[in-house]
Amino acid sequence: MTGLINKKVLLGISGGIAAYKTAYLARLLVKAGAEVRVVMTEGAKAFIQPLTFQALTGHPVHDALLDEEAEAGMGHIELARWADLVFIAPASADLMARLAVGMANDLMTTLCLATSAPVHLAPAMNQGMWQHPATQRNCVLLQELGYHLLPPAEGEQACGDLGPGRMPEPEELFSRIEGLFQTKQDLPAQGLKITITAGPTQEPLDPVRYLSNHSSGKMGYALAAAAAELGAQVTLISGPVDLPTPPGVQRQKITTTQELLTACQNVQADTDIFIACAAVVDYRVEEVAGHKIKKQQDQKELVLKLVENPDVLATIANSQPRPFCVGFAAETQKVEDYARQKLERKNLDAIVANDVSDTNIGFGSDDNRVTLLYRQARTIHRLELPQASKQQLSQQLLLEICKLYQANQDKQ
Ligand code: C5P
């Protein structure tokens, strides 16, 4: 049976002759049980009628960003939230360029910015346009931004040229989409819901300044990517960082510690494993200034009164329904001692001890080396994971955490 039943596929169509093939793709998706909604650019409508897609999917085509009627029904943000997958075929050179610079000047580009679903593009264009350095540069930019690109096929083109730029046939696109939804029963994290906090929090002092730290978010994002690859349903709650959302991960953006806590509490009941990797700012100013704090003449000191922020991890670990809780302890001295104390004090199941005084690992670096401390039968055990890239280390950590979670479940 197909894994596409009730999957919500937002099919995007931009201007290109290959748009006619997308009609058949829509038909295949609907036949396989997917819910399909279609978004067309103005260019797309020059090649194929929206009515064709309305007839094939049973839903009107969405094509306008600023349309009162559309916003009253399913507006652009609802559509962005609705989708499990955004699949754009054909993706024209123009659309790719607009997405690469983050424009939001029509419904399609706005949706792509707003959605947390994976966005896949099937570029299709004249071979000269495809091979132009501008398009090739846009491909690199798009991949850096987390878009997935399907390389176009080579062959005879509608314009008579020969070369790369043809959109793959609808059957091929369909099996791609089917593959994206395939459940991998034997993956270690299959069926698990994992929530991960990542990056720094920021606490405003006034409208232009804030308190924060150097967390790059790399470790948390690598963990989220690894968890999704291992089959988990992943929610990544992230402070401001400059990283793309890993494929298959639902990302929620937060800024302050209080926002982080609220976002975590909102998903707590729906979380099996909670991994707190965020570098949380522990204090905030008692009162955020309404206007920029001005330096007074000859002022030598500025006193800010800070008040304690909630401990997000400890709050989750001490409230019901309690997920399996894993913390991170980034320390510069007595790393394991402090980590053990945090494991006890915050009531955790496991903690990842991390020496951030070593500049080859930790904050901002691509590598890490950690020790996993965990409770079993009332004693604390330790497992050292040698230095590796944050990606490799995340996979190993996730595998260990999943094993501990299962052992814990079996005991109950
Ligand atoms: O900052 P600290 O060393 O106490 O962090 C230990 C763990 O607690 C980390 O996993 C961090 O994400 C989490 N934490 C939190 N809320 C705080 C402080 C830390 O969730 N206010």
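The values are calculated or read from the model by the stated rules, or taken from the named source; none is laboratory data. Quick caveat, the model's predicted, so the values are computed rather than measured. Please note: Cβ atoms are built from the backbone with ideal geometry, for glycine as well, and neighbour counts cover all protein chains shown.
Could you list all residues from the range 252-276 that are more than 16 Å from the ligand (Cβ to nearest atom) and not in a loop (DSSP other than H, G, I, E, B)?
253
From the residues in the range 277-305 that are in contact (Cβ under 8 Å) with a residue 60 or more places away in the chain and within 16 Å of the ligand (Cβ to nearest atom), which one is farthest from residue 196 (Cα to Cα)?
Here the residue is 285.
Out of curiosity, is residue 371 free of Cβ contacts under 8 Å to residues at least 24 places away in the same chain, away from the ligand (no atom under 13 Å from the Cβ) and not small (Gly, Ala, Ser)?
No.
(1) in contact with a strand residue (DSSP E or B) (Cβ under 6 Å, 6 or more places away or on another chain); (2) part of a loop (DSSP other than H, G, I, E, B): which one isn't true of residue 44, the others all being true?
Just one mismatch for residue 44, condition (2).
A quick yes/no check of all residues on (1) at pLDDT below 85; (2) acidic (Asp, Glu); (3) surrounded by fewer than 16 Cβ atoms within 10 Å (Cβ to Cβ):
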site: 105; (1), (2), (3): no, no, yes
site: 117; (1), (2), (3): no, no, no
site: 126; (1), (2), (3): no, no, no
site: 131; (1), (2), (3): no, no, yes
site: 150; (1), (2), (3): no, no, no
site: 154; (1), (2), (3): yes, yes, yes
site: 158; (1), (2), (3): yes, no, yes
site: 168; (1), (2), (3): no, no, no
site: 183; (1), (2), (3): yes, no, yes
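Tell me which strands (runs of 3 or more DSSP E) are completely within the range 145-251 and hold 1 or more residues being over 30 Å from residue 303 (Cβ atoms) and in the same structural domain as residue 20 (by TED's automatic domain parsing), or say none if there are none.
153-156, 162-166
Please find, within the range 90-121, the residue that is nearest to residue 24 (Cα to Cα) out of those that are in a strand (DSSP E or B) and not β-branched (Val, Ile, Thr).
90
Just to be sure, is residue 308 of a type in the set (Asp, Glu) and touching a residue at least 12 places away in the same chain (Cβ under 8 Å)?
Answer is yes for this residue.
Going through 336, 344 one at a time, which residue ends up being more than 12 Å from the ligand (Cβ to nearest atom) and either loosely packed, with under 14 Cβ neighbours inside 10 Å or of a type in the set (Gly, Ala, Ser) (or both)?
On inspection, the qualifying residue turns out to be 344.
Scan (1) more than 23 Å from residue 115 (Cβ to Cβ); (2) away from the ligand (no atom under 14 Å from the Cβ); (3) of a type outside the set (Ser, Thr, Tyr) for the single condition residue 222 breaks and write down its number.
The number of the failed condition is (1).
Looking at 345, 369, which one is at pLDDT 95 or above, basic (Lys, Arg) and under 27 Å from residue 212 (Cα atoms)?
It is 345.
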